[in-house]
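Written below as structure tokens is the structure these notes are about.
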Amino acid sequence: MQYLIIAYDKKDALQKRLAVRDLHVKGAKKMIEKGKIINGGAFIENDNMVGSTLFVDFNSRQELDEWLENEIYVKEGVWDMEKIQILPVKLLK
């Protein structure tokens, strides 16, 4: 199933984001190769990254949640998981 993920960063998380960004991008590229991440990018405010948006494709919501548990931006406290939005979508191809 396809999902849209909208994940804003926690307040003052920019330095954490930048510190682990290379690991995040490396992991995202692997997930793109597996067909799990369709596309994604950062939200920008005042020339700074403040969150992320992703279109993903997982077999189940449980599989998505398991991936999120191991996503570096989650593990390192960059994304504000109390405000994350995960919406089922059907993308045009």
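Can you confirm whether LYS30 is in a loop (DSSP other than H, G, I, E, B), basic (Lys, Arg) and more than 12 Å from the chain's Cα centre (by Cα)? Answer is no for this residue.
Considering LYS93, LYS83, the condition of being of a type outside the set (A, V, I, L, M, F, W, C), assigned to a loop (DSSP other than H, G, I, E, B) and at pLDDT 95 or above is satisfied by LYS83 alone.
You will find that of ASN48, ASN59, the residue that is modelled with pLDDT under 95 and among the polar types (S, T, N, Q) is ASN48 and no other.
The rows are residues; the columns are (1) surrounded by fewer than 16 Cβ atoms within 10 Å (Cβ to Cβ); (2) part of a loop (DSSP other than H, G, I, E, B); (3) more than 11 Å from the chain's Cα centre (by Cα); (4) not small (Gly, Ala, Ser).
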{"site": "ILE38", "(1), (2), (3), (4)": "no, no, yes, yes"}
{"site": "GLY41", "(1), (2), (3), (4)": "yes, no, no, no"}
{"site": "ILE44", "(1), (2), (3), (4)": "yes, no, yes, yes"}
{"site": "MET49", "(1), (2), (3), (4)": "no, no, yes, yes"}
{"site": "LEU54", "(1), (2), (3), (4)": "no, no, no, yes"}
{"site": "GLN62", "(1), (2), (3), (4)": "yes, no, yes, yes"}
{"site": "ASP65", "(1), (2), (3), (4)": "yes, no, yes, yes"}
{"site": "LEU68", "(1), (2), (3), (4)": "no, no, no, yes"}
{"site": "TYR73", "(1), (2), (3), (4)": "no, no, no, yes"}
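Residues that are small (Gly, Ala, Ser) and either surrounded by fewer than 13 Cβ atoms within 10 Å (Cβ to Cβ) or in a strand (DSSP E or B) (or both) within the stretch 1-18 comprise just one, ALA7.
The values are calculated or read from the model by the stated rules, or taken from the named source; none is laboratory data. None of the values given here were measured: they were computed from a predicted structure. Because the Cβ atoms are built from the backbone with ideal geometry, glycine has one as well, and the counts that use them run over all protein chains shown.
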